[in-house]
Amino acid sequence: MKSGSNLEKVFEKGVFAVTAELGPPKGNDVKVVMEKAKHLKGMVDAVNVTDNQTAIVRMSSIATSKLILDMGLEPVMQMTCRDRNRIGIQSDIFGATALGIKNCLCLSGDHQRFGNEIDSKNVYDLDSIQLLSVLKGIRDEGKTLGGDEVEGDVKLFLGAAANPFGDPFEFRAIRLAKKVKAGADFIQTQCIYDMDRFREWMKMVRDLGLHERTHIMGGVMPLKSGGMARYMQKNVPGITIPDEIVKRMVAAPKGKGAAEGIKICIETIEQLKEIEGVDGVHIMALEWEHRVPEIVEEAGLLPRPS
């Protein structure tokens, strides 16, 4: 055991793990956090708390993680390299783990041009692979990046993101191997719509033996409408949506697009459960947290292990 986290225990039991996302409010309204969190309690093994996703200013991931921890949910605190240098990163990790946070998802972070503070300066002192390595050193060796002894015992279950759909495709599994070597205990992928390409990527992952060295969670995002499907297919880099998925969403009767999107999401989860090397699913239903119980139940993922 690296951390004592609930998510780690679920993986060790060999249970198909389930996580979801929670986006903090654009302010300090705790009620927003509580309202979202109540839909996820008992439905998932852990909850990803995003870190100023799409570079929009929000309540900090550390504070939000502590709030949901006090509500009885296990947070996976996201940490991006965009906004912190190595001093700030290590300081925040000390603070987060002192508050009882046991999981950290290491990310580069969306570029600030996508957000609401486009004139801000990014940092990127470290990249996501270096961040994994630094946190692994703090956990396993008890030393900071600068070589100082850590006062205390930092327990962390470390995660990273992977995109099976980026180009060049042949390097996708090799990049994952770098993250696993750096210390990724679990992986959450970009949202999956193109199952053929995902299966091909997983074959490459298995050929490298990576599925035996880390826990891979397939990412799913329920589409809300035909318009959303068409927009993402044309405008969101790193996401591949096959034409047949777009056609299904566009052909859905008026007012039934969301239901069709959830149906596709559930079908994807069913397929993920059958792929060798996939140990769980990560449900990205930001601002749609109230639909997560429906997805989890219909996909046969209840009850969750206590």
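Data overview
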| item | result |
| --- | --- |
| Of all residues in region 235-262 being over 26 Å from PHE114 (Cβ atoms) and among the small types (Gly, Ala, Ser), the one that is surrounded by the most Cβ atoms within 10 Å (Cβ to Cβ) | ALA252 |
| Residue, surrounded by the fewest Cβ atoms within 10 Å (Cβ to Cβ), within region 200-223, restricted to residues that are part of a helix (DSSP H, G or I) and in contact with a Lys or Arg (Cβ under 8 Å, 6 or more places away or on another chain) | MET204 |
| Failed criterion for GLU270 (all others in (1) in contact (Cβ under 8 Å) with a residue 40 or more places away in the chain; (2) surrounded by fewer than 21 Cβ atoms within 10 Å (Cβ to Cβ); (3) in a helix (DSSP H, G or I) hold) | (1) |
| Candidate set from region 29-56 (those that are modelled with pLDDT under 95 and surrounded by fewer than 17 Cβ atoms within 10 Å (Cβ to Cβ)); member that is nearest to the chain's Cα centre (by Cα) | THR54 |
| Subset of region 146-171 (residues that are among the hydrophobic types (A, V, I, L, M, F, W, C) and surrounded by 18 or more Cβ atoms within 10 Å (Cβ to Cβ)) | VAL154, LEU156, PHE157, LEU158, ALA160, ALA161, ALA162, PHE165 |
| Residue in region 60-71 that is farther than 22 Å from ARG291 by Cβ, surrounded by fewer than 18 Cβ atoms within 10 Å (Cβ to Cβ) and touching a Lys or Arg at 6+ places or on another chain (Cβ under 9 Å) present | no |
| Which listed residue, of VAL57, VAL10, VAL15, VAL32, is out of contact with any Leu (no Cβ under 8 Å at 6 or more places or on another chain), in a loop (DSSP other than H, G, I, E, B), farther than 30 Å from LEU126 by Cα and among the β-branched types (Val, Ile, Thr) | VAL15 |
| Matching residues in region 90-104 - criterion: being out of contact with any Ser or Thr (no Cβ under 9 Å at 6 or more places or on another chain) and surrounded by 24 or more Cβ atoms within 10 Å (Cβ to Cβ) | ILE93 |
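The values are calculated or read from the model by the stated rules, or taken from the named source; none is laboratory data. Fair warning: this is a prediction, and the values are worked out from it, not measured in the lab. A quick note on method: Cβ atoms are made from the backbone with ideal geometry, for glycine too, and the neighbour counts reach across all protein chains shown.
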